[in-house]
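Contents: one structure, followed by commentary.
What follows draws every value from the coordinates through simple rules; no lab data is involved. Bear in mind that the values here come from a model prediction, so they are computed numbers and not experimental data. Positions of Cβ are generated from backbone atoms using ideal geometry, with glycine treated the same way; all protein chains shown enter the neighbour counts.
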Amino acid sequence: MNAVFRPLHPGENDPELLALGGSAGALASGCAWVASGLPLPPCVFYMVTGCPCPTCGATRCVLALLHGRVGEALGWNPMVFAGLVALALVNLYAATALVARLPRLRLSFSRSEGRVLRVAFVIMVTANWAYEIHRLP
């Protein structure tokens, strides 16, 4: 893996701004949905197959986390919980980089490192899915 801090080039997309804006938009939309009293969307995969999907419990995980119930959030879906923690760290980095106009972190991976990351991701999703299947009756 190669990590480099460098300034944005003129005309280059700003992934940090996109990540932060997307996260803020998703959070605002989700909060507005819940505050308006609309029903939470059901899991279509579960309705069709009777088997939980790898992200089942994600909505309850987010709601528990927003209410400060960290242990409960982790129990609903460990993969989603880890993703939300990672997203919070990325947002913190993005906000800092944007406000302070810092050079941006850019990562690059070799082919073999990319393969290892893809395999690790598949293993993580599979393990989380097994957890979800075991957790639900």
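Miscellaneous remarks
- Residue order for ILE123, ILE133, fewest other beta carbons within 10 angstrom first, comes to ILE123, ILE133.
- Cα centroid separation - region 44-83 against region 4-19, whole Å: 32
- Ranking of TRP76, TRP129 by count of other Cβ atoms within 10 Å, fewest first: TRP129, TRP76
- The chain: DSSP helices with Cα axial extent of at least 20 Å and average Kyte-Doolittle hydropathy no lower than 1.6: 78-100
- Residue-span extension gain [HIS9 to ALA26] - 0.36 nm each, minus C-alpha spacing: 3.3 nm
- Taking each residue as 0.36 nm, the span from ARG101 to THR49 lengthens on full extension beyond its C-alpha to C-alpha distance by 13.8 nm.
- Computed magnitude of the charge dipole of region 1-115 (debye, nearest 20; Cβ of K, R +1, Cβ of D, E -1): 200
- For region 12-135, the Kirkwood hydrodynamic radius comes to 16.8 Å, computed from all pairs of different C-alpha atoms.
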